[in-house]
1. Within the set of pairs 6 or more residues apart or between chains, which connect a residue that is part of a loop (DSSP other than H, G, I, E, B) inside segment 59-80 to a residue that is aliphatic (A, V, I, L, M) with Cβ atoms less than 8 Å apart?
2. Go through segment 319-342 and count every residue that is under 15 Å from Arg452 (Cβ atoms) and among the charged types (D, E, K, R).
3. Please enumerate the residues belonging to segment 463-476 that are surrounded by fewer than 16 Cβ atoms within 10 Å (Cβ to Cβ) and either charged (D, E, K, R) or within 18 Å of Gly445 (Cα to Cα) (or both).
4. Taking the condition touching a residue at least 60 places away in the same chain (Cβ under 8 Å), under 19 Å from Thr205 (Cβ atoms), of a type in the set (Gly, Ala, Ser) and part of a loop (DSSP other than H, G, I, E, B), does Gly7 pass?
5. Can we say Ala171 is out of contact with any helix residue (DSSP H, G or I) (no Cβ under 9 Å at 6 or more places or on another chain), among the aliphatic types (A, V, I, L, M) and not in a strand (DSSP E or B)?
6. Does Ala88 qualify as being among the aliphatic types (A, V, I, L, M) and not in a helix (DSSP H, G or I)?
7. Pick from segment 323-379 the residues that are surrounded by fewer than 16 Cβ atoms within 10 Å (Cβ to Cβ) and basic (Lys, Arg): which of them is nearest to Ala442 (Cα to Cα)?
8. Residues in segment 318-334: is at least one over 22 Å from the mean Cα position of the chain (by Cα) and assigned to a loop (DSSP other than H, G, I, E, B)?
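The values are calculated or read from the model by the stated rules, or taken from the named source; none is laboratory data. Note that the structure is a prediction, hence the values are computed from the model and not measured. Methodologically, a virtual Cβ is constructed for each residue, glycine included, from the backbone with ideal geometry; neighbour enumeration extends over all protein chains shown.
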Amino acid sequence: MRIHAEGIWTGNHGDPWRRAIDTADARVQRLHDDASAADIRFTGGWILPGLIDSHLHLTLGSLSLARLDLAGTCSRDEFLERIARQHALLPGGQWLEAFGWDESLWGGEQPDATWLEAAGDRPAVAWRCDQHVALCNRAALAGVDLSREVAGGTIVRSANGQPSGLLLEQAAWQLLIPRIPAPPIDVQRRALQEGCRHLLSLGVTAVGAMEYLQQVEEVIDPLRNDAALCVRVAVTVLDRTDPLPFDRARRIARSESLRVIGFKSFADGTLGAATAAMIEPYENAAGSGTLVEHALAGTLEAWMREVLAADFSPSVHAIGDRALAETLACAERCDPQRRVRFEHAQTVDPLSLPRFAGRRVSMQPFHKFGDAPVALDRLGAQRMNRVFRFRDYHEAGACLAFGSDWPIVSASPIEGMRCAITGITRSGTVQGTDQSLTPAEAIDGYTIHAARCLEEWDGVGTLTRGAHADMVVLDRNPLECDWLRAPPRVICTLVDGRIVHDARAPVSV
């Protein structure tokens with residue numbers, strides 16, 4: 001099949017475009033400029049390789065499409081109103097699960113359990129937008145011993161010493177998550193199908209998914225050949241209880257649609273929750289954050305060695321500059337092949353940047369949209385030279401891969417590119433433009449660099465001969481458009497040369 005467009009991305013910044021692409025047996029045969037005898041013409045369309053999201057939560061994001069989204073809530077009254085509406089829609093006995101609230105939108109007041117009183121005696125939990133803080137009502141925590149402290153976590157208490165309803169970091173993971181009933185498997189599978197359709201509509205054809213192994217076994221693997229999915233999945237396993245389930249991970253057969261590539265640990269929390277581990281104290285919150293899990297226990301290097309010895313890629317969540325520095329030091333001692341992935345890497349000691357040469361840095365540009373103003377409040381102007389250093393990582397020679405962290409923020413790579421290119425933030429202002437990338441560099445982050453970060457994923461992120469015929473068609477030239485005011489729009493997505501999302505019917509000849 002021959003496809004014609006205004007431009008088809010070559011991956012060569014000096015010679016970025018061709019006019020036609022030939023495909024056969026779901027693979028790219030060649031790029032060229034002969035537009036004659038085209039089977040499909042995308043008039044006015046510009047084709048990139050199918051975009052790769054190097055870090056998202058596929059099953060969680062898919063389920064979130066049917067859950068209460070509290071993003072944009074600007075007051076307690078609005079919060080209560082949304083909870084009440086959702087409560088009225090749910091059958092008796094079912095948990096109310098919500099996500100997406102951000103206290104900075106209503107002035108910074110921390111919510112407490114009374115914000116969930118509209119749920120009555122129904123167990124209810126509302127996750128902060130970063131998914132590192134949970135607000136729970138009494139029914140959700142019935143029978144839980146809240147008198148003890150949790151290493152690496154916090155049970156927030158009111159002035160009288162009673163739990164407020166907020167659980168931070170490990171307190172949420174250990175006390176709350178095991179209590180939340182998992183949806184039936186058929187519900188999870190239908191949600192996954194809907195989630196993949198959503199990603200395809202955004203031009204995403206391959207993902208690095210952070211998943212618990214049980215969900216891979218019960219939800220993703222059985223649907224790997226389902227025609228409704230189409231999204232290729234490279235899994236990083238979230239299971240962190242010893243012994244690590246390497247044998248179970250190996251039993252997930254590698255294929256063109258699914259592979260297990262690594263295991264993940266957390267070194268700290270987030271800036272928004274003031275739990276990211278910083279070298280110096282926060283400006284507007286107590287303390288300097290907290291290390292968690294292996295980083296807290298002093299066993300991070302041993303964990304990395306164990307994962308590497310099993311021939312998997314270690315992936316470490318590290319947002320604060322202290323957490324990132326400790327993760328880097330461990331990697332330098334045990335990872336000469338540079339397989340460790342540094343997830344988020346939002347704040348970095350400028351002096352350590354050269355040490356990231358050749359290392360895999362997985363960032364989420366759209367986090368800058370909401371987190372850059374928060375970072376200014378949390379860290380002060382004097383530390384903004386440590387925040388979202390896209391340009392610095394790139395020039396240091398890091399393999400800079402981009403993703404979304406969906407459902408924490410939008411899964412749209414176009415929105416992510418817009419932030420990386422312009423520095424736009426939620427307030428409408430631009431910030432840190434010295435760290436902005438060119439459009440071509442941002443495209444690399446969602447294509448070839450994302451493929452390299454995800455264990456040198458062959459056949460994706462490029463349109464060279466032999467690659468999968470996965471493509472996204474944009475409505476304008478991404479190198480020349482106004483990314484601030486008029487970014488490109490996805491009009492079509494193809495997987496294996498087959499149209500799987502179409503927002504504008506192509507003209508066939």
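1. Every condition considered, the pairs that remain are Leu65/Ala191; Ala66/Ala191; Arg67/Ala98; Leu70/Ala98; Leu70/Ala126; Gly72/Leu105; Thr73/Leu105; Cys74/Leu105.
2. Of the residues in segment 319-342, 3 are under 15 Å from Arg452 (Cβ atoms) and among the charged types (D, E, K, R).
3. Pass one, segment 463-476, residues surrounded by fewer than 16 Cβ atoms within 10 Å (Cβ to Cβ): 464-466.
If the condition is that a residue be surrounded by fewer than 16 Cβ atoms within 10 Å (Cβ to Cβ) and either charged (D, E, K, R) or within 18 Å of Gly445 (Cα to Cα) (or both), then Thr464, Arg465 are the ones that fit.
4. No.
5. Details: out of contact with any helix residue (DSSP H, G or I) (no Cβ under 9 Å at 6 or more places or on another chain): yes; among the aliphatic types (A, V, I, L, M): yes; not in a strand (DSSP E or B): yes.
In short, yes.
6. no
7. It comes out as Arg338.
8. no
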